Amino acid sequence: MNTSVERHRRGAEGRKAKCAVLTISDSRTAENDTSGDLLRDRLESAGHQLVARRWVRDEPEEIGAVLTGWLADRAAEVIVTTGGTGVSRRDSTIEVVDRLLDKRLEGFGELFRMLSYAEVGSAAMMSRAVAGLSGEALLFALPGSPAAVQLALDKLVMPELPHLLFERQR
């Protein structure tokens, strides 16, 4: 079957992006950031270029300053955050990211929680993972858990990233 999705995927094959990774945590640093390291390693091993990487505390002003700076300088076509997507009082990533998104990819969060449910059961409802377009940049907000990052990368982000890069420019 030759669907439009298949045609678009073929047209998008091989597309590579300049990427940025932001770890949002009150405890993670360059020395112990396994989720951020996983993001960096997987993106680079797929041929994407890491153009920026930062660590900030789970403070809305700090998160917003880094993200708006990256979006303004347009050096990164794909921005991935890890951490701060839960429901604790300190989790503020989603509130910041929501203000920056022009177009939400509603299916990303829905599918992520569905896939998470198979692994962690009803606790999956506590993730507020989200993705969308902010200007020309793709922005993904992932949980801080390495298992959650791996799941999002393997099942959602990496399989569709070339296609998303293609579609955002149409």
Query raised in the report: Counting just the residues of the range 72-113 that are in a helix (DSSP H, G or I) and either aromatic (F, W, Y) or at pLDDT below 95 (or both), which one comes out surrounded by the fewest Cβ atoms within 10 Å (Cβ to Cβ)?
Result: F108
Report summary line: D26: passes all of (1) outside any helix (DSSP H, G or I); (2) closer than 19 Å to A129 by Cα; (3) in contact with a helix residue (DSSP H, G or I) (Cβ under 7 Å, 6 or more places away or on another chain) but (3)
Report task. Please list, ordered by first then second residue, the pairs with beta carbon atoms under 7 Å, 6 or more apart or interchain, first in the range 83-107 and closer than 19 Å to L22 by Cα, second modelled with pLDDT under 95 and loosely packed, with under 15 Cβ neighbours inside 10 Å. Result -> R90/D26
Query raised in the report: On the given criteria, is G14 part of a loop (DSSP other than H, G, I, E, B) and either among the small types (G, A, S) or under 17 Å from P159 (Cα atoms) (or both)?
Result: yes
Query raised in the report: Mind checking whether some residue in the range 114-130 is surrounded by fewer than 18 Cβ atoms within 10 Å (Cβ to Cβ), under 23 Å from L164 (Cα atoms) and not polar (S, T, N, Q)?
Result: yes
Query raised in the report: What residue, of R10, R74, R54, is free of Cβ contacts under 8 Å to residues at least 40 places away in the same chain and out of contact with any helix residue (DSSP H, G or I) (no Cβ under 9 Å at 6 or more places or on another chain)?
Result: R10
Report task. Within the range 134-159, work out how many residues are crowded, with 17+ Cβ neighbours inside 10 Å, not polar (S, T, N, Q) and not in a strand (DSSP E or B). Result -> 9
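The values are calculated or read from the model by the stated rules, or taken from the named source; none is laboratory data. Owing to the predicted nature of the structure, the values given are computational and were not obtained by experimental measurement. With ideal geometry, Cβ positions are generated from the backbone for all residues, glycine too; neighbour counts draw on all protein chains shown.
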